[in-house]
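Every number in this text was worked out from the coordinates using simple rules, so none of it is lab data. Predicted model only: the values in this text are computed from it and were never measured. So basically every Cβ, Gly included, is an ideal-geometry build from the backbone, and we count neighbours across all protein chains shown.
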Amino acid sequence: MNRCKIGSVTVTRIPEREPLREPMFAFFPDLTEELVRANEHWLAPDHYHPGSRSMLLHFHTWLVQTEHHSILVDTCNGNHKPRPGLAMSDALNTPFLERLREAGVAPEEVDFVMCTHLHPDHVGWNTRLENGRWVPTFPNAKYLMSRIEHDIWAERASDTARPQWSRNVYQDSVLPVVEKGMAVMVHGTHSVDDCFTIHPAPGHTPGTCRADLESGGEGAIFCGDIIHTPLQVPYWQQTSRTCEDKRQAARSRHELLSACAERRALLMPMHFGPPYVARINASTHGFSLDFEGQP
Ligand SMILES: [Zn+2]
């Protein structure tokens, strides 16, 4: 369990499943051997496994406790979710809720769940299985999601040409909270607390958002899949094959890194290895990162 303070706000990392080895060159089709070799010394062993030429994808939720609210940013893969053909998310059984309780928060005490986007590894714990039905895991929460993002996945869910696991995500992890009237559809910039603001950052998916936290002169930015690996800080043009609009994804990544550098805000990604967060520096040579100030 890792924890840090941003002004008066407490941020805690709630890990879910064990890290996944994802073949690096398949995930980033534009990467060259030379580029990875030149960066291996700082990427390995926490972010890259040279033997299998794989990046290490971690999975966690960020618990944000302001003076007034408990907010979860993204909810990982969830338990028992049927994801045929997507092994990383399929039928998991992890003690995620126990870890959340250990961090001091019961599911009933969560006020907001913010979904950066609606991919399976970011919305899984939105719901849980109860007597054969998917019910909201956080019964008193409002679930914040982009209107654009919601509408697109609602439409795709009935497209039989799409893989079953992809269609299941909307049906079992998004629709149940919408049907219960617990979803808040966000359009444009949206403030949740006096210190937590959602901003559109499209590219990875059409409605991807990030959340900017500011408190007591300090800041942090929760960025979902705008960035997957620390290598994308110096090489921000590198875009994964999972990004739908590659040019827009790179633009949103540049904006994110610029905002982190200007405000000295901590970058809070969803998939980095330890120490999980980073400071971003901007210079005429581009962006660099250092792993200090971590929780
Ligand atoms: Zn992801």
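Per residue of the range 164-177, what does 6.51 cos²θ - 1.76 cosθ + 1.60 with θ = phi - 60° give for ³J(HN,Hα)? Whole Hz please, x for Gly and Pro, Karplus curve as stated.
Those phi angles translate into 4, 4, 5, 6, 5, 4, 5, 5, 9, 10, 10, 3, x, 7 Hz.
Subtract the Cα-Cα distance of R101 and A87 from 0.36 nm times their separation in residues, and report this length gain in nm to one decimal.
Answer, rounded to one decimal: 2.4 nm.
Based on Cβ point charges of +1 for Lys and Arg and -1 for Asp and Glu, what charge dipole magnitude is obtained for the range 180-256 about its Cα centre, in debye rounded to the nearest 20?
460 debye
Nearest 5 is fine: what % of DSSP beta bridges in the range 19-175 come out antiparallel, could you say? Don't skip to the end; give the middle numbers.
Values: 14 of 20 bridges.
The antiparallel fraction comes to roughly 70 percent.
Given L31, G203, S215, which one lies farthest toward the positive end of the charge dipole of the chain, if we put +1 on the Cβ of every Lys and Arg and -1 on the Cβ of every Asp and Glu?
Working it through, the farthest residue towards the positive pole turns out to be L31.
For a Förster distance of 45 Å, can you work out the FRET efficiency between the beta-carbons of H285 and D194, rounded to the nearest 0.05?
With R0 = 45 Å, the Cβ-Cβ based efficiency is 0.80.
Once the Cα gyration tensor of the range 47-178 is diagonalised, what are the square roots of 5 times its eigenvalues, in whole Å and ordered largest first, as equivalent ellipsoid semi-axes? Write down the numbers at each step before the final one.
Details: eigenvalues 106, 84, 43 Å².
Three semi-axes, in Å: 23, 20, 15.
Under a point spin-label approximation (7 Å from Cα along Cα-to-Cβ), what is the Q171-R37 distance to one decimal in nm?
4.8 nm
Each residue of the range 38-53 in order: what ³J(HN,Hα) in whole Hz does its phi give by Karplus 6.51 cos²θ - 1.76 cosθ + 1.60, θ = phi - 60°, with x for Gly and Pro?
In residue order, the calculated couplings are 5, 10, 4, 4, 9, 7, 7, x, 7, 10, 8, 10, x, x, 9, 6 Hz.
For the range 49-160, what's the relative contact order in percent, using C-alpha pairs closer than 8 Å and at least 6 residues apart?
Computed value for the range 49-160: 24 percent relative contact order.
Aspartates and glutamates within cross-link reach of K81: Cα-Cα under 15 Å, excluding same-chain residues under 8 positions apart?
E16, D90, D121, E130, D172
In whole angstrom, how far apart do the alpha carbon centroids of the range 194-223 and the range 1-20 sit?
Using only Cα atoms, the two centres lie 16 Å from each other.
Could you work out which residue, out of A278, A265, A44, moves most in a Gaussian network model of the chain, that is, has the largest mean-square fluctuation with Cα springs under 10 Å?
It is A44.
Just L266, L256, L20 to compare: in a GNM of the chain, with alpha carbon springs under 10 Å, which one fluctuates most?
Result for the chain, Cα springs under 10 Å: L20 fluctuates most.
Just to be sure I understand the curve: with the Debye formula and one point per C-alpha of the chain, what is log10 I(q)/I(0) at q = 0.06 Å⁻¹?
With one equal scatterer per Cα and no solvent, log10 I(q)/I(0) is -0.17.
Which whole-Hz ³J(HN,Hα) couplings does the range 105-122 yield from phi under the Karplus relation 6.51 cos²θ - 1.76 cosθ + 1.60, θ = phi - 60°, glycine and proline marked x?
So the J values, rounded to whole Hz, are 10, 8, x, 5, 8, 7, 8, 9, 10, 9, 9, 5, 6, 10, 7, x, 8, 10.
Kirkwood hydrodynamic radius, computed over distinct alpha-carbon pairs, for the range 45-107: how many Å, to one decimal? It would help to have the intermediate numbers written out before the result.
Working: mean 1/r = 0.0710 Å⁻¹.
Across the range 45-107, the inverse of the average 1/r is 14.1 Å.
Taking the Cα centre of the range 73-187 as origin, work out the dipole magnitude from +1 charges on Lys and Arg Cβ and -1 charges on Asp and Glu Cβ, in debye rounded to 20.
On the way: 12 positive and 15 negative charges, 45 e Å.
It works out to roughly 220 debye.
Can you tell me the relative contact order of the chain? Whole percent, Cα pairs under 8 Å, sequence separation 6 or more. Show your work: numbers first, answer last.
Working: 650 pairs, mean separation 50.0, N = 295.
Relative contact order, the chain: 17 percent.
Quick one: work out the % antiparallel among DSSP beta bridges in the chain, nearest 5. Don't skip to the answer; put the middle values down first.
Working: 43 of 56 bridges.
Here the antiparallel bridges make up roughly 75 percent for the chain.
Taking the Cα centre of the chain as origin and charging only Cβ (+1 Lys, Arg; -1 Asp, Glu), how large is the dipole, in debye to the nearest 20?
Computed about the Cα centre, the dipole is about 380 debye.
Between N131 and S52, what is 0.36 nm times their sequence separation minus the Cα-Cα distance? Round to one decimal in nm. Walk me through the intermediate numbers first.
On the way: separation 79, 0.36 × 79 = 28.44 nm, distance 4.11 nm.
Separation in residues times 0.36 nm, less the Cα-Cα distance, equals 24.3 nm.
Per residue, how big is the convex hull around the C-alpha atoms of the range 255-295? Give it to me in cubic angstrom, could you? Walk me through the intermediate numbers first.
Numbers: hull volume 2.9 nm³, N = 41.
Measuring per residue, one finds 70 Å³ for the Cα hull of the range 255-295.
Give, in nm to one decimal, the length gained when the segment between E262 and K180 is fully stretched (0.36 nm per residue of separation minus the Cα-Cα distance).
Working: separation 82, 0.36 × 82 = 29.52 nm, distance 4.03 nm.
Full extension from E262 to K180 adds 25.5 nm.
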